[in-house]
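Worksheet: the structure to be examined is printed underneath.
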Amino acid sequence: MRLLAASVLAVLAAGLQPCLAKQPNVVFILTDDQRWDAMGCAGHPYLKTPHIDRLAAEGVRFKNHFCTTSLCSPSRASILGGLYAHTHGVVNNFTDYPKDLPTFPRQLQKAGYKTAYIGKWHMGEDDDSKRPGFDHFVTHRGQGKYFDTEFRTNDGERKVERGYYTTVVTDMAIEWMKEQKDAPFLLMLGHKAPHSFYFPEKKYAHAFDEVRIPYPESAFQLEDKPEWISKRLSTWHGIYGPLFEWRKEFPDTSARGMLDFERMTRAYWGTILSVDDSVGRIYKQLEEMGELDNTLFIFTSDNGLLNGEHGMVDKRTAHEASLRIPLVVRYPGLVDPAKPKVIAGQTLTLDFAPTILEICGAEALPKTHGKSWKKLVTKGDPLWRTGWFYEYNYEAQFPYTPNVRALRADDWKYIRYPHGDGSADKHMAELYDLRTDVEERHNLINDPEHKDLVTTLRKELDRLIAESGAVPDMMPMDEGIKGELPDEKIR
């Protein structure tokens with residue numbers, strides 16, 4: 001009798017094993033130009049994001065998450081393949097991801113996943129064709145519009161979808177999710193928001209009208225900063241410039257000009273309210289499908305955004321607001337929803353591919369610069385990185401930022417601006433003590449007390465660059481800060 005009972009239990013256990021080993025779905029929501037602090041759960045004083053916050057309250061928030069190039073296409077490429085821009089080759093917003101390079105969606109597809117990308121792709125400015133690794137692919141050319149964007153459907157037809165972008169792509173995503181029944185799935189949902197030009201939907205157009213938003217104090221603390229930062233003030237990427245067309249007459253250095261800055265910022269926040277609604281709708285759909293707890297739900301952005309810090313708007317630089325981005329993850333297989341976590345270790349866009357593939361039990365990429373954070377979250381990882389390097393290459397189309405190479409360590413940041421021809425740097429470097437000056441107000445580069453530290457950090461930066469295979473470190477010539485506006489077609 002005991003033998004029979006044991007046999008029955010063994011059979012039942014064997015029958016249950018496929019369920020226990022079921023691969024999780026992946027929902028990857030990617031916003032565009034969202035700062036790390038533009039969420040309620042990150043402590044924003046005005047922007048309330050209850051649905052994003054719920055993911056954090058039932059999962060994990062990474063409070064030190066970064067992109068390795070603060071520019072849309074390079075960062076998106078690094079998310080897909082776990083490689084630095086100098087390796088995958090997408091170093092600007094006009095280059096598509098190489099079709100022969102592996103990606104985590106292709107690896108999941110090989111592992112039996114059904115895969116979809118819906119929304120803003122933004123690699124290859126004029127190319128909206130279907131990309132490898134996705135069974136279902138719906139996107140558009142270029143930036144898309146907040147209202148009435150023309151999408152290329154999965155079968156190749158182009159059609160203007162009436163309505164607000166965030167709502168339209170969420171509708172598409174939910175429709176596709178409803179069709180998924182017999183296999184694990186990957187959904188990547190790419191939002192336009194909160195990328196400029198910022199236009200909230202009608203119900204949120206006046207959500208922040210009563211909030212006063214002055215220029216940050218650091219905008220007026222430029223005495224110890226490199227001269228190129230002051231030269232940028234009245235350009236397309238400066239606070240005295242057109243502010244993505246929220247200011248019609250510029251440059252405007254008057255106190256009254258701050259009202260244009262307020263209107264721009266309120267609109268930026270307003271677009272994120274719609275993104276939060278989208279997160280809530282996707283969450284609800286997973287619940288209704290019975291798949292919520294079997295889904296690795298990731299919310300993040302491609303890069304950050306300077307909103308007046310150091311007198312700048314846009315991104316590209318190695319300052320915190322530019323390269324620090326949100327990351328919130330919900331998956332009970334990683335973190336018990338009743339015991340949420342906040343992770344302080346520095347994580348990167350490079351880490352998504354190896355992490356997702358490990359959690360999903362799929363074959364790893366043949367090469368990656370990133371590292372899975374599964375162990376960091378579940379057990380802690382004493383060998384986790386304490387520093388990494390940032391790269392950005394000067395763009396002739398947007399001549400407002402020099403070449404940038406930076407070391408972002410746990411406690412210090414060192415930024416240098418190579419000229420591009422191997423000669424001595426023409427711009428002053430920057431050094432910040434992040435323990436006491438996370439807002440990067442005081443550049444310590446010329447402080448004699450830190451001379452040896454600068455030497456040490458420069459050596460570590462060079463070591464990391466070489467370790468990643470970027471030797472020689474190729475970059476364009478820095479042609480200087482220029483004042484002309486970028487071509488209207490690529491703004």
Given the options Arg316, Arg256, Arg263, name the one that is farther than 27 Å from Lys374 by Cβ and out of contact with any Phe, Trp or Tyr (no Cβ under 9 Å at 6 or more places or on another chain). Arg256
Enumerated helices (runs of 4 or more DSSP H) restricted to segment 44-130, each holding at least 2 residues that are among the charged types (D, E, K, R): 50-57, 104-110
Please go through segment 397-424 and give me each residue that is out of contact with any Leu (no Cβ under 7 Å at 6 or more places or on another chain), closer than 17 Å to Asp462 by Cα and buried (at least 16 other Cβ atoms within 10 Å of the Cβ), ordered by number. Asn403, Val404, Ala406, Arg408, Ala409, Ile415, Arg416, Tyr417, Pro418, His419, Gly420
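Identify the residue in segment 220-229 that is more than 27 Å from the chain's Cα centre (by Cα) and of a type outside the set (A, V, I, L, M) and, among all such residues, is surrounded by the most Cβ atoms within 10 Å (Cβ to Cβ).
Looking only at segment 220-229, we keep the residues that are more than 27 Å from the chain's Cα centre (by Cα), and these are 220-224, 227.
Those left that are additionally of a type outside the set (A, V, I, L, M): 220-221, 223-224, 227.
On the way: Phe220: 11, Gln221: 16, Glu223: 7, Asp224: 14, Glu227: 12.
The qualifying residue surrounded by the most Cβ atoms within 10 Å (Cβ to Cβ) is Gln221.
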Ala183 vs. criteria touching a helix residue (DSSP H, G or I) at 6+ places or on another chain (Cβ under 8 Å) and closer than 24 Å to Leu80 by Cα: no
If you check Lys367, Lys371, which single one turns out to be modelled with pLDDT of 95 or more, under 19 Å from His86 (Cα atoms), surrounded by 17 or more Cβ atoms within 10 Å (Cβ to Cβ) and over 16 Å from the mean Cα position of the chain (by Cα)? Lys371
Hits in segment 302-344 - residues which are surrounded by 21 or more Cβ atoms within 10 Å (Cβ to Cβ) and touching an Asp or Glu at 6+ places or on another chain (Cβ under 7 Å): Asp302, Asn303, Leu305, Leu306, Lys315, His319, Glu320, Ala321, Arg330
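Among the residues of segment 428-437, are any assigned to a helix (DSSP H, G or I) and out of contact with any Phe, Trp or Tyr (no Cβ under 6 Å at 6 or more places or on another chain)? Spell out the reasoning first.
At the first step, the residues of segment 428-437 found to be assigned to a helix (DSSP H, G or I) are none.
The answer is no; no qualifying residue exists.
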Taking segment 143-166 and keeping only residues that are farther than 11 Å from Gly119 by Cα and of a type in the set (Gly, Ala, Ser), one is left with Gly156, Gly163
Residues of segment 438-469 being within 30 Å of Gly311 (Cβ to Cβ) and in a loop (DSSP other than H, G, I, E, B), which ones? Val438, Glu439, Glu440, Arg441, His442, Asn443, Leu444, Ile445, Asn446, Asp447
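Evaluate the following for Thr300: is it out of contact with any helix residue (DSSP H, G or I) (no Cβ under 7 Å at 6 or more places or on another chain), polar (S, T, N, Q), part of a loop (DSSP other than H, G, I, E, B) and modelled with pLDDT of 95 or more?
no
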In segment 432-481, the residues that are loosely packed, with under 14 Cβ neighbours inside 10 Å and among the basic types (Lys, Arg): Arg435, Lys451, Lys459, Arg463
Selected residue (criterion: surrounded by the fewest Cβ atoms within 10 Å (Cβ to Cβ)) from residues of segment 112-132 that are free of Cβ contacts under 8 Å to residues at least 40 places away in the same chain and farther than 21 Å from Ser301 by Cβ: Asp126
Which residue out of Glu440, Glu430 is under 27 Å from the mean Cα position of the chain (by Cα), at positive phi and in contact (Cβ under 8 Å) with a residue 40 or more places away in the chain? Glu440
Report those strands (runs of 3 or more DSSP E) wholly inside segment 147-219 carrying at least 2 residues which are surrounded by 22 or more Cβ atoms within 10 Å (Cβ to Cβ). 147-152, 185-190
Of these, Ile282, Ile298, Ile239, which one is β-branched (Val, Ile, Thr), farther than 19 Å from Gly119 by Cβ and under 26 Å from the mean Cα position of the chain (by Cα)? Ile239
Restricted to segment 46-78 and to residues being of a type in the set (A, V, I, L, M) and buried (at least 24 other Cβ atoms within 10 Å of the Cβ), the residue farthest from Phe297 (Cα to Cα) is Leu71
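The values are calculated or read from the model by the stated rules, or taken from the named source; none is laboratory data. Predicted, not measured: the structure shown is a model, and the values here were computed from it. Positions of Cβ are generated from backbone atoms using ideal geometry, with glycine treated the same way; all protein chains shown enter the neighbour counts.
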